[in-house]
C-alpha cells in the first residue's frame, strides 16, 4: 500500500478561523477527515504533520524519507514563497510531491504568486479548495 505524507506549514492549523472569506470555515481536522476518506477509497495510507516552524518541516521530510515514505502532498503556506530549504529537502528526498494551495496563488498578492517549493514537485494544484488535496491523492496513486 502506497504511503503518502501530508505536510502543512504555518497557519494551516488556523483553518476555519483565519480569513474564512479566502479559506472557508472548515478546519484542518475537517480536511484530514476528507483526505483519510479518499485515501481509503484509493487504497492509500496517509500520515499528517503540521508545523509553523520551517526547520521542523525540513526535519520531518528527512525523517519520513528515511522511513521509506512513498510520496508527499505539501502545503507549506507562506514558506512556499520563500523557502529554498524546504525545496531542497523535497528535492533531496527524490520522492514525488504535489504542492497544494487552497486559494489561487496566481490571484493573490504579488508576493504570493510565485512558489519557490513547487519546482521540487511533480505538480502544483492551486485554487481548488479542499478538493485540491483529493486531486493530489489521485495524481500520486498512479505507479
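Can you tell me which residues in the range 111-128 are part of a helix (DSSP H, G or I) and either on the phi > 0 side of the Ramachandran plot or at pLDDT below 85 (or both)? Result: 111, 112.
For the range 9-23, how many residues meet the condition of being out of contact with any helix residue (DSSP H, G or I) (no Cβ under 7 Å at 6 or more places or on another chain) and either closer than 14 Å to residue 100 by Cβ or at pLDDT 95 or above (or both)? Matching residues across the range 9-23 total 1. Taking each residue of the range 19-39 that is without any contact (Cβ under 8 Å) to a residue 24 or more places away in the chain and looking for partners that are surrounded by 16 or more Cβ atoms within 10 Å (Cβ to Cβ) and not in a helix (DSSP H, G or I) with beta-carbon atoms closer than 8 Å, six or more apart or interchain, yields 27/15; 28/8; 28/15; 28/50; 36/46.
Kindly evaluate residue 55 against the criterion of being over 11 Å from the mean Cα position of the chain (by Cα), in contact (Cβ under 8 Å) with a residue 60 or more places away in the chain and either part of a loop (DSSP other than H, G, I, E, B) or closer than 24 Å to residue 3 by Cβ (or both).
Numbers: over 11 Å from the mean Cα position of the chain (by Cα): yes; in contact (Cβ under 8 Å) with a residue 60 or more places away in the chain: no; either part of a loop (DSSP other than H, G, I, E, B) or closer than 24 Å to residue 3 by Cβ (or both): yes.
Criteria not met by residue 55.
Might you check whether a residue that is in contact with a helix residue (DSSP H, G or I) (Cβ under 8 Å, 6 or more places away or on another chain), within 23 Å of residue 130 (Cα to Cα) and touching a residue at least 40 places away in the same chain (Cβ under 8 Å) occurs anywhere in the range 87-94? No, the range 87-94 contains no residue that is in contact with a helix residue (DSSP H, G or I) (Cβ under 8 Å, 6 or more places away or on another chain), within 23 Å of residue 130 (Cα to Cα) and touching a residue at least 40 places away in the same chain (Cβ under 8 Å).
Scoring residue 134 on the criteria (1) under 20 Å from residue 47 (Cβ atoms); (2) under 10 Å from the mean Cα position of the chain (by Cα) leaves a single failure, condition (2).
Note on the range 1-32: residues that are part of a helix (DSSP H, G or I) and in contact with a strand residue (DSSP E or B) (Cβ under 9 Å, 6 or more places away or on another chain) amount to 5. Inside the range 58-85, residues that are in contact (Cβ under 8 Å) with a residue 40 or more places away in the chain and assigned to a helix (DSSP H, G or I) make up a count of 7. When 84, 105, 125, 73 are checked against the criterion of being crowded, with 18+ Cβ neighbours inside 10 Å and over 12 Å from the mean Cα position of the chain (by Cα), 105 stands alone in meeting it. If the condition is being under 25 Å from residue 32 (Cα atoms) and part of a helix (DSSP H, G or I), then the range 92-105 contributes 93, 105. Residue count for the range 108-119 under the criterion of being crowded, with 20+ Cβ neighbours inside 10 Å and either over 12 Å from the mean Cα position of the chain (by Cα) or in contact (Cβ under 8 Å) with a residue 40 or more places away in the chain (or both): the result is 2. Does residue 35 satisfy being outside any loop (DSSP other than H, G, I, E, B), more than 16 Å from residue 117 (Cβ to Cβ) and in contact with a helix residue (DSSP H, G or I) (Cβ under 7 Å, 6 or more places away or on another chain)? Spelling it out, residue 35 is indeed outside any loop (DSSP other than H, G, I, E, B), more than 16 Å from residue 117 (Cβ to Cβ) and in contact with a helix residue (DSSP H, G or I) (Cβ under 7 Å, 6 or more places away or on another chain).
The values are calculated or read from the model by the stated rules, or taken from the named source; none is laboratory data. These numbers come from a predicted model, not from an experiment. Don't worry about glycine lacking a Cβ; one is built from the backbone with ideal geometry, like all the others, and counts go over all protein chains shown.
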